[in-house]
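The values are calculated or read from the model by the stated rules, or taken from the named source; none is laboratory data. Since this is a predicted model, take the numbers as computed values, not measurements. Because the Cβ atoms are built from the backbone with ideal geometry, glycine has one as well, and the counts that use them run over all protein chains shown.
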Amino acid sequence: AVRFEGRQDAAAAAAEEEKKEEEELIPDPNAVKPANWDEDEDGVWEPPMIKKGSAMDFDYSTFEKEAETIVEGKQEADSFFSIFKKGLEIVTKVFEKSEEQKIQDELAKQLGELSKMRDELKESEGLLTHDFGEDNKFLAYYGKCFKKVIDKYTYEVCPFGSAKQDHTNLGVYKGFGDDQQSFIFGDGTSCWNGPKRSIHVKLVCGVKDEILTVAEPNMCEYVADFSSPLVCDGAALESKKKEYKRLTGKAILHDEL
């Protein structure tokens, strides 16, 4: 009797599981009756059943965009029928997304991620190959650029990167000068009947990171003074802070250095 009851319980459980699976199935909303389907011979056509959730999730952002496109593109009366018709058109467009389009969207997403990873790898390689000075004190300048307008020209210095005068390339970073007190940039845009542009950026003690002066003593050979707290010793930096506060009435915050 115990064995018979166990079989009944197992059969009931199997039936319950089968019923549950059936409840989870719905007709495929994207299925289309084959053109050669003959109801006299093949019977009444019914769409195949699929699990709930297999259909594409509703994309509200696409719905909104399609709504704007359709409503703006048509001048129909705002009757109930026209509104209902517009709704049908919007829903149809949302769910018309083909498998090919889905694959293309996923591919574009993956390519974007790959490009991001390459940029991060390139940045990591730069951190490993550059000399950032004693105790890596110039590491704080990596990836940063500093601009200043001098004599109607906008100068830009990117330590460990490049230097520019407006859109003209003054050179790419070549390394430190003597005693790590300057940045050397070379192989910039060639001058007319002259050498390739270059700039020697001298670092001077100052409370803020700032281009101070730029000059061109020789044709296409530039020199600049760049204020930096990183080349100050403790006493000199404190003196510069006091002088800055006296002249401007403002104190230099730690985050500004």
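List of remarks:
- Only one entry in Val207, Val157, Val201 is in contact (Cβ under 8 Å) with a residue 60 or more places away in the chain and β-branched (Val, Ile, Thr), namely Val157.
- Filtered residues of the range 151-179 (kept if closer than 18 Å to Asn218 by Cα and part of a strand (DSSP E or B)): Tyr153, Tyr155, Ala163, Lys164, Gln165, Thr168, Asn169, Leu170, Gly171
- Of all residues making up the range 216-244, the number that are of a type in the set (A, V, I, L, M) and modelled with pLDDT of 95 or more: 2
- Those residues of the range 214-233 which are part of a strand (DSSP E or B) and within 21 Å of Gly186 (Cβ to Cβ), in sequence order: Val214, Ala215, Glu216, Pro217, Asn218, Glu221, Tyr222, Val223, Ala224, Asp225, Phe226, Ser228
- Contact map, the range 93-119: residues that are modelled with pLDDT of 75 or more paired with residues that are loosely packed, with under 11 Cβ neighbours inside 10 Å, Cβ distance under 9 Å, separation 6+ or inter-chain. No pairs are found.
- Within the range 167-184, the residues that satisfy the criterion of being hydrophobic (A, V, I, L, M, F, W, C) and in contact (Cβ under 8 Å) with a residue 24 or more places away in the chain are Leu170, Phe176, Phe183.
- Qualifying positions in the range 163-194 - surrounded by fewer than 18 Cβ atoms within 10 Å (Cβ to Cβ) and either within 26 Å of Asp135 (Cα to Cα) or aromatic (Phe, Trp, Tyr) (or both): Val172, Lys174, Gly175, Phe176, Gly177, Asp178, Asp179, Gln180, Gln181, Ile184, Trp192
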